[in-house]
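> Could you have a look at this structure, given as structure tokens, before my questions?
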Amino acid sequence: MAKRPSATASKTVAVRASKPSTARRPVRAPKVSVVVPCYNEQETLPAFADRMTAACRAVAGASYEIIFVNDGSRDRTWNIIETLSRGDPRIVRVNLARNHGHQLAVTAGMSIVRGDWILIIDADLQDPPEMLADMMKLGADGFEVIYARRRARADETHFKVATAKLFYRLLGSISEVNIPQDVGDFRLISRRIADRLNAMPEQDRFIRGMVAWLGGRQTEILYDRDPRYAGETKYTLSKMIRLALAGLTGFSTAPLNLAIILAFVGIAMGFAIVVYILIGYFFGQATRGWSSLALITVFFGVGQFFCIAIMGAYLGRTYMQVKGRPLYLIDEIVTAEPRKPRNG
Ligand code: UDP
Ligand code: MG
């Protein structure tokens with residue numbers, strides 16, 4: 001992929017990480033890297049760290065790292081991460097300058113992972129760390145993405161469950177890729193998928209959709225979502241709406257087609273009005289001046305919708321182009337003589 005000028009430091013990292021070169025990676029890359037976004041999680045972190053460390057040790061011995069990303073917390077989260085990491089070189093601390101939101105906190109953590117496998121997990125113990133073992137087994141079976149699908153959602157409001165269902169149904173109907181339902185960002189991904197994810201420069205990040213877009217061998221693992229260990233949800237309604245919009249607009253330009261639909265509705269209305277006028281004319285009940293006014297209004301209305309639809313068509317393509325995603329992703333090339341795609 002072409003190197004593009006980047007405005008921020010984090011983007012530079014993403015571009016660098018995009019090169020899937022094993023040569024520049026440290027010789028002793030850990031087997032597992034865990035990325036944990038944390039926003040005001042002071043009550044949950046000590047318990048989380050204990051369980052996560054035990055889960056990592058069970059599958060990787062000492063070959064793991066846990067990356068805590070403090071997403072501009074206003075409580076003692078950063079101090080607690082500091083205490084946890086004292087004397088433990090396997091704990092990496094990342095402090096973001098302000099609250100950037102869950103998706104960017106995960107992205108920041110992902111930009112520095114070194115492991116062969118990367119686990120993305122919430123800090124509140126709603127996602128059980130012990131599932132790492134089963135996910136690693138599926139990884140050993142050849143899967144590159146193992147996402148956890150929620151069977152039951154303990155402790156979640158009817159409102160959240162109902163809106164999530166509605167959102168995923170809408171997303172499923174307009175999205176260009178199949179984004180699984182009842183799936184958050186809790187997942188294990190291979191180094192190759194992580195490199196490819198880091199190479200996607202889009203600003204508006206909907207990670208579960210981006211990973212679905214990357215393809216490869218993906219599978220799910222069912223689990224019952226535990227209640228939050230402590231504190232309350234950090235996903236406010238406005239953050240949820242922002243995430244939903246990132247998903248809907250990031251994977252489809254279908255909403256831009258609304259103008260063309262309205263244009264055709266306008267044309268149908270125009271025909272109906274013409275019929276109405278003709279009937280009025282033949283039966284001598286025409287209202288003077290009304291017909292011309294109605295038709296002029298419909299004509300200009302339809303004209304405007306068409307112009308908006310034309311702009312929408314160009315805008316949709318421009319939008320997809322500026323996202324700068326790779327055109328396609330090659331999993332394997334089977335050939336007698338080694339070759340490299342020029343633009344892959
Ligand atoms: N989080 C974050 N930044 C935010 C909001 C949330 O890093 O602005 C973290 C939070 O600390 C947790 C994870 O993202 O580890 C998921 O958030 P939460 O559990 O509040 O969401 P829910 O499970 O209720 O959807
Ligand atoms: Mg949670």
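Just so you know, all these numbers are worked out from the coordinates, no wet-lab data involved. Since the structure is predicted, the reported quantities are computational estimates derived from the model, not experimental observations. With ideal geometry, Cβ positions are generated from the backbone for all residues, glycine too; neighbour counts draw on all protein chains shown.
> Stick to Cα atoms and the Kirkwood definition of Rh, then tell me Rg/Rh for the chain.
So for the chain, dividing Rg by the Kirkwood Rh gives 1.12.
> Shifting gears a bit: So what is the 222 nm mean residue ellipticity for the chain from helices alone, if each DSSP H run of at least 4 adds -39500 (n - 2.57) and you divide by all residues, rounding to the nearest 500 deg cm²/dmol?
Mean residue ellipticity at 222 nm (helix-derived): -15000 deg cm²/dmol.
> While we're looking at this one, here's another question. What residue among Leu262, Leu278, Leu171 shows peak mean-square fluctuation when the chain is described by a Gaussian network model with Cα springs under 10 Å?
Result for the chain, Cα springs under 10 Å: Leu278 fluctuates most.
> Here's something else I'd like to know. Counting pairs of alpha carbon atoms under 8 Å apart in space and at least six apart in sequence, what relative contact order in percent does the chain give? Walk me through the numbers on the way to the answer.
Details: 494 pairs, mean separation 63.1, N = 344.
Normalised by residue count, the contact order of the chain is 18 percent.
> Taking a threshold of 20 Å on the Cα-Cα distance, which of the pairs Lys31/Lys340; Lys160/Lys234; Lys31/Lys234 fall above it? List each step's numbers first, then the result.
Numbers: Lys31/Lys340 28 Å; Lys160/Lys234 13 Å; Lys31/Lys234 30 Å.
Distance filter (> 20 Å) returns Lys31/Lys340; Lys31/Lys234.
> Another question, if that's okay. Please name whichever of Val322, Leu295, Val334 sits farthest to the positive end of the charge dipole of the stretch 288-344, dipole taken about the Cα centre and charges placed at Cβ: Lys and Arg +1, Asp and Glu -1.
After comparing all options, I get Leu295.
> Also: Using Cα atoms only, what is the angle between the long axis of helix 237-250 and the major principal axis of the chain, expressed in degrees (0 to 90) to the nearest 10?
The answer is roughly 70 degrees.
> In degrees from 0 to 90, rounded to the nearest 10, what is the angle of the helix 45-60 Cα long axis to the longest principal axis of the chain?
For 45-60 against the chain, the angle is about 70 degrees.
> Continuing with this model, one more query. Counting only Cα, what are the radius of gyration and maximum Cα-Cα distance Dmax of the stretch 84-138, in Å?
12.9, 37
> Still on this model: Name the residue from Leu214, Gly312, Leu258 whose Cα lies farthest towards the positive end of the charge dipole of the stretch 190-344, charges +1 on Cβ of Lys and Arg and -1 on Cβ of Asp and Glu.
Among Leu214, Gly312, Leu258, the one farthest towards the positive end of the dipole of the stretch 190-344 is Leu214.
> Would you mind telling me which residue in Glu41, Glu232, Glu144 has the biggest mean-square fluctuation in a Gaussian network model of the chain, where springs connect alpha carbons within a distance under 10 angstrom?
It is Glu232.
> Right, next: Cut-off 10 angstrom, C-alpha nodes, Gaussian network model of the chain. Which of Val211, Val177, Val334 fluctuates the most?
Val334
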